[in-house]
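Student: First, the structure itself, so that you have it in front of you.
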Amino acid sequence: MKTPYVIGVDFGTDSVRALVVNALTGEVAGTCVHEYPRWKQGLYCDASRSQFRQHPLDYVEGLEASIKGALEPVPAGVKAGVVGISIDTTGSTPVAVDASGTPLALLPEFAENPNGMFILWKDHTANAEAEEINALAGRWDTDYTKYVGGIYSSEWFWAKILHTLRVDAAVREKAFSWVEHCDWISAVLTGNTDPLAMKRSRCAAGHKAMWHEEFQGLPSEEFLTTLDPLLTGLRGRLFRDSYTADEAMGTLSAEWAGRLGLPAGVTIGVGAFDCHMGAVGAQITPYTFVRVMGTSTCDMLIAPREEIGHLLIRGICGQVDGSILPGMLGMEAGQSAFGDVYAWFQRMIEAPVRELLGEEAARRLAEKLIPTLSEKAAQLPVTEEDPVAVDWFNGRRTPDANHTLKGAVTGLNLGSDAVRFFKALVEATAFGSKAIVERFLSENVPIRKVIAIGGVAKKSPFVMQTLADVLNMPIQIATSEQACALGAAMCAAVAAGVHPSMEAAQAAMGSGFETTYQPRPEVVPVYARLYQQYLKLGRFLEALPVRTTDLQAV
């Protein structure tokens, strides 16, 4: 009997990576990362308006390039042994599609229209629509937000759809339905992108679209049309049911089998979001807090339904049955900016260097800046007189979503330098993480262990040590460089029938942990007091009047 292999494909914010994995042992046979060329050029985005769009061609080209690249060095026997492929993506990242399930930007008349493209998770152009959804949900007889923390976010499905329908008549006329990235790209591999037939992800539907069995699926037609008549009929062109990531969406189409050089009959699993499959790859267990740490953070927890299913946890990104592991309640939280905060600081310093000294000087600076700042910041003492920052540079995801909020730094003086400023930003992101942990604990959801995955977790010892100190908890770092893709591979192994359950796949294919950051007792109490200053500064910022430009449809 030949050894079964599976492929996990992880669509991140900047790139897509594919992992070819031995489904019995978890050993990696091949891997490839492909950067999105249009995204890299900054096309279709306007950070000043919080508009972030990605062209579907970046996804389709990246899908083929990453899988073929990962398969290129492996023996023919490995390719012949591939039995399953599963995909994770960012989210909520929806797109308008026609009746065949084709994203509008793949049609000639919409090829350069950002509103016909995928609306990336961190796009906040729908702040006003999110406010309207929350206001209506608050007075409706059924609170459709109760399973998503009680607050609907502009980062999510319905707000983005409504905003786009309002501002673009051409999209409004052509859009038949809307599809999440993780659903569409998985359906592409099967050759059937019919939006009425494709299996929709439980993960995406429950956490971002207010889907729940209690509601017989999505929010009612009456609720949606009361929100805006532009939504009339859309519910019937979406979906009723949702599916967990251990299930099969279909099999690889003949076209894609030929393009990828894979055998016919390969199982394509139901998709999910990157962080949820990342939690699977990180070997999440009940009451383990898994932090997927990159440009933003996504924080995952699971627990048995019978233990906490009666709770409604305020201010998080949802509690969904089976969104991470089938049979477990999956909970999500996170920060809208984590690594993005450090990247913003780097860009601010780079810009005048590029203008005055040229591109090569700016490139050399970029290579060394954050590592050097981290090394020097790690040598500074932690005192109660240190500057304190708030991490809401891209709004606040949790606890209590509010994307009109802004970041701030206080306590600066003429002795403040770039190292101290950077240290304050790192501490701010750690304080934002602590606020999430504190919310779960206050809602009677225990956290027994912390695991971190992602680029920041693997590459930034200063950040991770600061986080351990602020949380006052040990943090384990997963060994796998690509835990999200590995989690997708585990899901593929279950969907293809290699393993009977996600837990069995985790046990067989998990990579374990490479290191643990322990909190330093001497700085823990200082950080506890600085955290109180963070909370105080945050309350001040929340009390400031919201500017019209933060809410208006742009």
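Student: Please work out if Gly432 is of a type outside the set (Asp, Glu), at pLDDT below 95, under 19 Å from the mean Cα position of the chain (by Cα) and not assigned by TED's automatic domain parsing to the domain that holds Ala485.
Tutor: When the stated conditions are applied, Gly432 does not pass them.
Student: Taking into account only those residues within region 283-306 that are touching a residue at least 12 places away in the same chain (Cβ under 8 Å) and surrounded by fewer than 18 Cβ atoms within 10 Å (Cβ to Cβ), which is nearest to Gly432 (Cα to Cα)?
Tutor: Taking region 283-306 and keeping what is touching a residue at least 12 places away in the same chain (Cβ under 8 Å), we get 283-305.
From what's left, surrounded by fewer than 18 Cβ atoms within 10 Å (Cβ to Cβ): 285-287, 304-305.
Working: Thr285: 23, Pro286: 23, Tyr287: 20, Pro304: 27, Arg305: 27 Å.
Selected residue: Tyr287.
Student: Does Val456 count as β-branched (Val, Ile, Thr), in contact with a Leu (Cβ under 7 Å, 6 or more places away or on another chain) and either at pLDDT 95 or above or not in a loop (DSSP other than H, G, I, E, B) (or both)? Give the steps one after another, and end with the answer.
Tutor: Details: β-branched (Val, Ile, Thr): yes; in contact with a Leu (Cβ under 7 Å, 6 or more places away or on another chain): no; either at pLDDT 95 or above or not in a loop (DSSP other than H, G, I, E, B) (or both): yes.
Criteria not met by Val456.
Student: Follow-up. With (1) closer than 26 Å to Cys298 by Cα; (2) assigned by TED's automatic domain parsing to the domain that holds Cys45 as the list, and Leu71 as the residue in question, which single condition is left unmet?
Tutor: The failed condition is (1).
Student: Then there's this: Has region 53-62 got at least one residue that is of a type in the set (Gly, Ala, Ser) and under 28 Å from His403 (Cβ atoms)? Talk me through it step by step, then tell me what you get.
Tutor: Filtering region 53-62 down to residues of a type in the set (Gly, Ala, Ser) leaves 62.
Imposing the further condition that a residue be under 28 Å from His403 (Cβ atoms) reduces the set to 62.
Yes, region 53-62 has at least one match.
Student: Here's something else I'd like to know. Taking the options Leu63, Leu71, Leu57, name whichever one is more than 21 Å from the chain's Cα centre (by Cα) and not polar (S, T, N, Q). Give the steps one after another, and end with the answer.
Tutor: Details: Leu63 fails: more than 21 Å from the chain's Cα centre (by Cα); Leu57 fails: more than 21 Å from the chain's Cα centre (by Cα).
None of the others qualify; the one that does is Leu71.
Student: Looking at Val83, is it among the β-branched types (Val, Ile, Thr) and either farther than 27 Å from Ser323 by Cα or in contact with a Lys or Arg (Cβ under 6 Å, 6 or more places away or on another chain) (or both)?
Tutor: no
Student: I would also like to ask the following. If you check Lys160 against the conditions, is it under 21 Å from Asp228 (Cα atoms) and either modelled with pLDDT under 95 or charged (D, E, K, R) (or both)? Write out each step before concluding.
Tutor: On the way: under 21 Å from Asp228 (Cα atoms): yes; either modelled with pLDDT under 95 or charged (D, E, K, R) (or both): yes.
Spelling it out, Lys160 is indeed under 21 Å from Asp228 (Cα atoms) and either modelled with pLDDT under 95 or charged (D, E, K, R) (or both).
Student: Against the definition (among the basic types (Lys, Arg) and surrounded by 23 or more Cβ atoms within 10 Å (Cβ to Cβ)), how does Arg314 come out, yes or no? Walk me through how you get there before you give the answer.
Tutor: On the way: among the basic types (Lys, Arg): yes; surrounded by 23 or more Cβ atoms within 10 Å (Cβ to Cβ): no.
The answer is no for Arg314.
Student: Further, regarding this structure: Give me the pairs: first residue in region 168-196 and closer than 17 Å to Gly269 by Cα, second residue basic (Lys, Arg) and modelled with pLDDT of 95 or more, beta-carbon distance under 6 Å, and six or more apart or on different chains, which are they?
Tutor: Taking only residues 6 or more apart or on different chains, the pairs are Asp183/Arg200.
Student: Just need a number here: residues in region 1-54 that are under 20 Å from Pro263 (Cα atoms), basic (Lys, Arg) and within 21 Å of the chain's Cα centre (by Cα).
Tutor: 0
Student: Turning to a different aspect of this structure: Would you mention how many residues in region 180-191 are surrounded by 24 or more Cβ atoms within 10 Å (Cβ to Cβ) and not in a helix (DSSP H, G or I)?
Tutor: Number satisfying all stated conditions: 1.
Student: Can you name every residue in region 508-536 that is under 21 Å from Thr410 (Cβ atoms) and either in a loop (DSSP other than H, G, I, E, B) or within 29 Å of the chain's Cα centre (by Cα) (or both)?
Tutor: Passing the criteria: Val523, Tyr527, Ala528, Leu530, Tyr531, Gln532, Gln533, Tyr534, Leu535, Lys536.
Student: How many residues are touching a residue at least 60 places away in the same chain (Cβ under 8 Å) and of a type in the set (Val, Ile, Thr) if we restrict to region 342-369?
Tutor: 1
Student: Could you say which residue among Thr398, Thr383 is under 30 Å from Glu522 (Cα atoms) and out of contact with any Asp or Glu (no Cβ under 9 Å at 6 or more places or on another chain)?
Tutor: Thr383 is the lone residue from the list that is under 30 Å from Glu522 (Cα atoms) and out of contact with any Asp or Glu (no Cβ under 9 Å at 6 or more places or on another chain).
Student: Among the residues in region 192-201, are any out of contact with any Ser or Thr (no Cβ under 7 Å at 6 or more places or on another chain) and outside any loop (DSSP other than H, G, I, E, B)?
Tutor: Within region 192-201, not a single residue is out of contact with any Ser or Thr (no Cβ under 7 Å at 6 or more places or on another chain) and outside any loop (DSSP other than H, G, I, E, B).
Student: Moving on to the next point. Scan region 216-261 for residues that are part of a helix (DSSP H, G or I), under 23 Å from Lys174 (Cα atoms) and among the aliphatic types (A, V, I, L, M) and report the count.
Tutor: Of the residues in that region, 4 qualify.
Student: Run down Thr383, Thr372, Thr466 and say which single residue is over 22 Å from the mean Cα position of the chain (by Cα), in contact (Cβ under 8 Å) with a residue 24 or more places away in the chain and not in a loop (DSSP other than H, G, I, E, B).
Tutor: Answer to the selection: Thr466.
Student: Considering only residues that are free of Cβ contacts under 8 Å to residues at least 24 places away in the same chain and either surrounded by 21 or more Cβ atoms within 10 Å (Cβ to Cβ) or closer than 20 Å to Gly269 by Cα (or both), which ones fall in region 197-223?
Tutor: Ala197, Leu218
Matching residues to (1) at pLDDT below 95; (2) crowded, with 24+ Cβ neighbours inside 10 Å; (3) in the same structural domain as Val83 (by TED's automatic domain parsing):
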{"residue": "Leu238", "(1), (2), (3)": "no, no, no"}
{"residue": "Ser253", "(1), (2), (3)": "no, no, yes"}
{"residue": "Trp256", "(1), (2), (3)": "no, no, yes"}
{"residue": "Ile268", "(1), (2), (3)": "no, yes, yes"}
{"residue": "Ala272", "(1), (2), (3)": "no, yes, yes"}
{"residue": "Met277", "(1), (2), (3)": "no, yes, yes"}
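Student: Go through region 89-145 and count every residue that is part of a helix (DSSP H, G or I), farther than 17 Å from Phe176 by Cα and of a type in the set (A, V, I, L, M, F, W, C).
Tutor: 6
Student: Oh, and also: What about Val409, is it hydrophobic (A, V, I, L, M, F, W, C) and without any contact (Cβ under 8 Å) to a residue 40 or more places away in the chain? It would help to see each step written out before you state the result.
Tutor: Details: hydrophobic (A, V, I, L, M, F, W, C): yes; without any contact (Cβ under 8 Å) to a residue 40 or more places away in the chain: yes.
Yes; evaluated as a whole, the condition is true for this residue.
Student: Now, a different point. Could you list all residues from region 240-251 that are touching a Ser or Thr at 6+ places or on another chain (Cβ under 9 Å) and either more than 21 Å from Gly81 (Cβ to Cβ) or modelled with pLDDT under 95 (or both)? Lay out the reasoning, then the answer.
Tutor: Start the filter on region 240-251 by keeping residues that are touching a Ser or Thr at 6+ places or on another chain (Cβ under 9 Å), which leaves 242-246, 248-251.
Scanning region 240-251 gives Ser242, Tyr243, Thr244, Ala245.
Student: Can you confirm whether region 468-478 contains a residue that is in the same structural domain as Val426 (by TED's automatic domain parsing), surrounded by fewer than 24 Cβ atoms within 10 Å (Cβ to Cβ) and modelled with pLDDT under 95?
Tutor: No, region 468-478 contains no residue that is in the same structural domain as Val426 (by TED's automatic domain parsing), surrounded by fewer than 24 Cβ atoms within 10 Å (Cβ to Cβ) and modelled with pLDDT under 95.
The values are calculated or read from the model by the stated rules, or taken from the named source; none is laboratory data. Model, not experiment: these values are computed from the prediction. Neighbour counts run over all protein chains shown; Cβ positions are idealised from the backbone, glycine included.
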